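Throughout, read-outs are computed from the coordinates displayed, never taken from laboratory work. Please read all numbers here as calculations on a predicted model, not as lab measurements. With ideal geometry, Cβ positions are generated from the backbone for all residues, glycine too; neighbour counts draw on all protein chains shown.
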Amino acid sequence: MCGIVGYIGSLDSQSPAEILIQGLKRLEYRGYDSAGIALLNKDEIYTCREIGKVKGLEDKWLAAENTVNYQVGIAHTRWATHGKPTEENAHPHRDSSGKIAIVHNGIIENYQSLKKHLVNAGHEFYSETDSEVLAKLIGYHYKGDLLQAVTDALNQVHGTYGLVVACKDEPNKLIAARKGSPIVIGMSDKSSIIASDVSAIVSHTKHVIYLDDDDLAVITPGNVDILDLNHRQVSREVQELDWDTDSTQKDGYEHFMLKEIFEQPEAINNSIRGRYNLSIGNAILSGLSGVDKELASISQIIILGCGTSMHAGMVAEYAIEELAGIPVKVMQAADFRYRNPIVGPNDLVIAISQSGETADTLAAVKEAKQKGAFVIGLCNVVGSSIAREAGRGVYLHAGPEISVASTKAFTCQVSVLLLLALKLGRSRRLSLAQGVEVAQAIKSIPAINQLLLDKQFNHIATIAPAYTQAHSMFFLGRGYLYPVALEGALKLKEISYIHAEGYHAAELKHGPIALLEEGTPIVALLNDIEGKDKMLGNVEECKARGARILGIITEGDTQAAEICDDVIEIPSSHKLSTVLSTTIALQLFSYQVAKLKGCEIDQPRNLAKSVTVE
Ligand code: M6R
């Protein structure tokens, strides 16, 4: 959560302020409660902070008409943890001398005791944040050597940080540090750019270094020295980014969410390309090569994730149990981590995370590894903390997902998990013919999804107006479509603020049906796959209580269409592919409802893209 950018160098074409503000805009999806910038030279540190989005900060900076020549700067977009989204609480924060400024992501757990100590030493505080305590602590230790002051401060801190520090007395360098919150450094000839993720870097350079936990970096224009907390040199590989700048732009779409919905056929293609072989009816996952022996000996699979990623895991639970006959448990990552989980060497743990930075999932991976489980990561962001901590796994190759509401990450996660289910199935109980059928179903996913987008986008826009006034909506599904119902409800609530719940349709009569009133909308996943007959009965029960039914049905299914008030037709396909096209229909539905309601689709209130705090 929160976005950090730091810049040092000289680019003729852009000033540091322009570079930093542009970087913040790219990172804004990580938090948008307030934003701030600090620019410095040997004479001064100039700070500008504003409540709300980066645009407000940009306007304020432009209105200030500051023409001073700065070559160093740090900037931050905030998702509030300690203290309200006020200007005082906005980063950058400064030490008591006013010479040092920091931007910080993460949480300083012992900030209260450190603050007490600093207050006793005469320091005064202007904000409620733990980050200001860190700034003051660095200032407290500063005796003319910024690296040493940062090191001394970090040695006193408990908690997590992604940190960039600037000092007016040492204007030719920035210090960055990482523990539990990512920091990436982009290198080019005359400049260096530091950020909490590569979206802010990719338009400047493709050459990046990811810091590891407990790394310190001394950054000068075009150069970086990486040290541990004892100031021993450590070496980190320079990696080349395969994202291009276009993939972080809207490309003419009104919202990133819509762009990412429409990108799904291509994104899924990128996820599955070269990873299935029709003639042998099997999946080839190079990230899992050489571990067939370990996979053959597993007796249980535990899938970990949060939010949408957990829902993807729930689809995989059905697929792996059906295709491979291995028992699967899906667990919310925080729940796993805090319950002293029963997991050991014969268990495969699959950690799913688009960002690869979700704090609970990362901690759960560490817990599973520590208990001896065989852990694999399923991440989109290459080099992310979960991918690195897991040590092995499969990347999604979905391209950057900017919209806070996750769309293409889910469909790519499910596609890759289906490949894994196929691989596990073929090594256990699936015949060649069955393997070929599944491989063909996976291959068909992008084309079926394209068909759905082509045929249903305009139609969904015409039915959405009937649902914008709803106070509550219920999404019902069975079997493979139960997690899809959960995901459909999550999407609607997060971007349209309509209260929405997903239920297994069989659960309705055990309580939730009491909530139905005349006109309550029900989204019923009535696709023509196992469970449809029972779903038809459940829908009748809802209708009898006055519900308005939006049916997601298989194209041409008149029996299902007849009992619905509105329908969205899904192209007929293998059920494994149907799961994905149905999800996409629900994404479009949520998008259209939220758009009609005038909601901030890409940046819904209170949310941030990566939840890097517990
Ligand atoms: O980056 P991750 O996949 O670990 O993120 C997990 C959730 O925070 C994420 O899926 C969240 O639920 C999305 N906002 C859903 O659209």
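What to note about this one:
- Ranked by the mean number of other Cβ atoms within 10 Å of their residues, highest first, the peptides 555-568, 340-353, 100-113 fall in the order 100-113, 340-353, 555-568.
- Stretching the chain fully between Lys534 and Ser289 yields a gain of 84.0 nm (0.36 nm per residue, less the alpha carbon separation).
- Cβ-defined net charge surrounding Ala101, 13 Å radius [Lys, Arg +1; Asp, Glu -1]: 0
- Shape of the stretch 3-241, Cα gyration tensor, a/c cut at 1.5: rounded
- Label-reachable residues, the stretch 93-123, where backbone N falls under 13 Å from a point 7 Å from His158's Cα toward its Cβ: 108-114
- Rounded Å value of the spacing that divides the Cα centres of the stretch 272-334 and the stretch 188-267: 29 Å
- Under the criterion of Cα pairs below 8 Å and six or more residues apart, the relative contact order for the chain equals 12 percent.
- Helices in the chain, meaning DSSP H runs of at least 4 residues, each add -39500 (n - 2.57). Divided by all residues, the mean residue ellipticity at 222 nm is -11500 deg cm²/dmol.
- Given charges at Cβ of Lys, Arg, Asp, Glu: the stretch 256-597 dipole, positive-most of Ile549, Ala296, Ser279: Ala296
- Backbone N under 15 Å from the Asp169 label point (7 Å along Cα→Cβ), restricted to the stretch 98-138: 98-101, 136-138
- Formal net charge of residues neighbouring Ala390 (Cβ-Cβ distance under 15 Å; K, R +1; D, E -1): -2
- Note on the stretch 371-401 and the stretch 1-71: Cα centroid distance 32 Å, given to the nearest whole angstrom.
- C-alpha center-to-center spacing [the stretch 145-185, the stretch 448-477] in angstrom: 48 Å
- The packing ranking of peptides 77-86, 314-323, highest mean first, is 314-323, 77-86, where packing means the average number of other beta carbon atoms within 10 angstrom of each residue.
- Rounded tilt (10° steps) of 16-27 against the dominant C-alpha axis of the chain: 20 degrees
- Burial ordering of Leu362, Leu229, fewest other beta-carbon atoms within 10 Å first: Leu229, Leu362
- The modelled label-to-label distance between His471 and Asp213, using points 7 Å beyond Cα along the C-beta direction, is 4.6 nm.
- Relative contact order [Cα under 8 Å, 6+ residues apart], the stretch 10-136, whole percent: 24 percent
- Dipole of the chain [Lys/Arg +1, Asp/Glu -1 at C-beta], most positive-end residue of Val133, Ile402, Asn155: Asn155
- When the pairs Lys42/Lys115; Lys366/Lys408; Lys179/Lys366; Lys190/Lys259; Lys115/Lys143 are compared against a 24 Å limit on Cα-Cα distance, Lys42/Lys115; Lys366/Lys408; Lys190/Lys259 fall above it.
- Order of Met331, Met257 - criterion: other Cβ atoms within 10 Å of each residue's Cβ, fewest first: Met331, Met257
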